[in-house]
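Asker: The structure's right below; bear with me while I get my questions together.
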Amino acid sequence: MRRVHREAERLLVGGFDGADELDTDFIDRVVASGGEGEDAARMVMANNFLGPKRFGKMFPRLDPFRPPDQALIDLGRAMREALPENPALENSEIPAGFTYLGQFVDHDLTCDETRNFPVQDDLELIKQARTPTLDLDSLYGEGPKRQPDLYDPSLPPSEARFRFGTTVPTPDANVALPNDLPRKRDRGAVVGDDRNDENLVVAQTHVAFLKFHNRVMDVLPRGEEDDGSATFTQAEETRKSTTFHNARRVVRWHYQWLVLNDFLPRIVDPNVLNDVRTNGRKFFRFNRAPFDGEPFMPLEFSGAAYRFGHSMVRETYDYNRVFTEAMLGLLFTFTGNGGGAPIPSNWVIDWRRFHEVGRDDNRNFTRRVDPKLIPQLHELPNVRPNQPRSLAVRNLLRGSSIGLPKAQDVAEAMGIQPLTQEQLGGGDGGDVGPVVRRHGFHRETPLWFYILKEALVQTGGKRLGEMGSRIVAETFWGLLKGDENSFVSRRPGWTPQEDGLPARTPGDFTVADVLRFVGEINSIGG
Ligand code: HEM
């Protein structure tokens, strides 16, 4: 952001030639509104001209791998788990709540807005709707001044708390609870990123983080209000001292901490993570032009490695005392997209079944990380006509469309030994192997498929393997290092203890601590 601000300031002060490309009306309006508005103007310019949200490649010199679409479609279709779910394919090391924390994190970091699957070789033209930083823009939106809909209208911006939707009482949970996303009349969610209303578990995760902010507001000392008279830099500082800005900083840093210390060590090889944290990144580099120190979203991460999470999704969840065998299809239904919102009270989640907050006997686990997706993910709802409904097919076509390299080239660039053709073409008891071999994918392998296969071969599906771990760990660490407001950049020695929120282990902070602090672990009881 440092360069964006500097550059935006230069443009604002010095003038520039490309005014016709700007939304000048909007800028006039926000500049006229003073203080914060000026920042907004700078951001608009920055977004329009400098592309702080842009995509890029970790391995820009590698050739795109674009096999025939039909071969990718065949492979995607074959990556299908059988029903009923085989208990042997569970991953008893990762509670299922982490699948949806992972999805929530994805929605904070990356959103490719491309429709269809065009061949895209100019990365600047791929539209990214999120800032590639762990800043929770999917939660806070543009803040209470610029996006007031997300916040309680009775409070000034300096005291901003989130709004909620109310659940509808049912005979078996006969109470209206503030445990739904806030919604418009058409039932669509009023959230920083609509995708957090894509299924009920990610929606409830979003609700938990909304509540986390509000609880932090409860416990923080009050700050100063910004009167808008300060200069840009002073205004920044003043705003940081308001209660809202303090709370947002506390929430963001605790979230960054738990992503780094609670989530990542479960999904990547801890040795790779330690190596990246101790010895730095080898492949995710953004120091030189055109990035000049500003991180971008690596397509190897967003288009392949981090999509590993799709294989952790279960078909059935033990959701709460009422719905002990909730099918994923139903979890899609109880959202704005599925038309089932606002949610009935008996669909408020019991977090004990998803995270380590008690009730070990009944916890759901993720499916193992392997080249299989449950049938429901091959039949996505809300897909435009003539578009593939299989998420596996979509991921493979997306990888080709954005020009990801083949996995063997990435292995060579990383200096690691690739999986053998026998490993890649092996059947693992299903029907993927023959399709892989028929299309030669055991010799030249799409990156997403390889990452999943590698996880299975190297860890038995417990977590990502060597290449997947490296791409994911370097991306997270790089995005934190490149964000000048992250705790890693601003205060590398910071620990959660400094802010004094209660934690089971002093000095640490986990997802379970968020849920305990919010205090709504199982709102409908049982
Ligand atoms: C029920 C759960 C989920 C559903 C239904 C879902 C669905 C989708 C869909 C439809 C896309 C767009 C596919 C395309 O056209 O390219 C997508 C993209 C993606 N998903 Fe998921 N997903 C789920 C869970 C997850 C999880 C658990 C993770 C990671 C831990 C994840 C990571 C990603 C990433 C990184 C992208 C690319 C985002 C972008 O840059 O646009 N998803 N997902």
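Asker: Determine the distance separating the Cα centre of the stretch 105-120 from the Cα centre of the stretch 402-434; give it in Å without decimals.
Answerer: Spelled out, the Cα-based centre of one part sits 24 Å from the other.
Asker: A further question on this structure: Apply the Karplus parameterisation 6.51 cos²θ - 1.76 cosθ + 1.60, with θ equal to phi minus 60°, to every residue of the stretch 259-276 and state each ³J(HN,Hα) to the nearest whole Hz, in sequence, with x for glycine and proline.
Answerer: Per residue, the Karplus-derived 3J(HN,Hα) values read 5, 6, 10, 10, 7, 4, x, 7, 9, 10, 5, x, 5, 5, 4, 4, 4, 5 Hz.
Asker: While we're looking at this one, here's another question. Compactness ratio of the stretch 124-188: Cα Rg over 2.2 N^0.38 Å, N = residue count?
Answerer: 1.46
Asker: Mind sorting Phe476, Phe334 by how few other Cβ atoms lie within 10 Å of their own Cβ, fewest first?
Answerer: Going from least to most buried by this count: Phe334, Phe476.
Asker: Another question, if that's okay. Within the stretch 76-181, list the GluC sites (Glu not before Pro) lying in a DSSP loop whose Cβ has at most 14 other Cβ atoms in a 10 Å radius.
Answerer: Here the sparse-neighbourhood loop sites are Glu113, Glu142.
Asker: Also, quick follow-up: Would you mind pulling out the separation of the Cα centroids of the stretch 344-375 and the stretch 260-287, in Å?
Answerer: Cα centroid of the stretch 344-375 versus Cα centroid of the stretch 260-287: 26 Å apart.
Asker: Taking θ = phi - 60°, what integer Hz values does the Karplus form 6.51 cos²θ - 1.76 cosθ + 1.60 yield along the stretch 146-151, in sequence order, with x for Gly and Pro?
Answerer: For the stretch 146-151, the Karplus curve yields 8, 9, x, 4, 6, 10 Hz.
Asker: Still on this structure, I have one more. In nm, give the distance between the simple-model label positions of Asp152 and Asp508, each being 7 Å from the Cα along the Cα-to-Cβ direction.
Answerer: 3.3
Asker: Which of Ser489, Ser311, Ser400 has the fewest other C-beta atoms within 10 Å, and how do the rest follow up to the most?
Answerer: Ranked by crowding around the Cβ, least crowded first: Ser489, Ser400, Ser311.
Asker: So, one more: On a C-alpha basis, how far is the centre of the stretch 489-526 from the centre of the stretch 156-221 in Å? Whole number, if you could?
Answerer: Here the two parts' Cα centres lie 19 Å apart.
Asker: Next question, about the same structure. In nm, to one decimal, how far is the modelled label at Glu412 from the one at Thr278, with both set 7 Å along Cα→Cβ?
Answerer: Label-label distance for Glu412 and Thr278, simple model: 3.1 nm.
Asker: Treat the count of other C-beta atoms within 10 Å as a stand-in for reagent exposure and order Lys57, Lys127 from fewest to most.
Answerer: Ordered from fewest to most neighbouring Cβ atoms within 10 Å, Lys57, Lys127 come out as Lys127, Lys57.
Asker: Among the listed pairs Lys406/Lys462; Lys127/Lys453; Lys53/Lys145; Lys57/Lys127; Lys211/Lys453, which have their C-alpha atoms separated by more than 26 angstrom in this model?
Answerer: Correct reply: Lys127/Lys453; Lys211/Lys453.
Asker: Can you give the charge dipole size of the chain about its Cα centre, rounded to the nearest 20 debye, using +1 on the beta carbon of Lys and Arg and -1 on the beta carbon of Asp and Glu?
Answerer: Computed charge dipole of the chain: roughly 820 debye.
Asker: If you project the alpha carbons of the chain onto the principal axes, what extent comes out on each, in Å, largest first?
Answerer: Here the Cα extents, ordered largest to smallest, are 68, 62, 47 Å.
Where a number appears in this text, it was derived from the coordinates with a stated rule and is not lab data. Since the model is a prediction, treat every value here as computed from it, not as a measurement. Cβ: placed from backbone, ideal geometry, glycine included. Neighbour counts: every protein chain shown.
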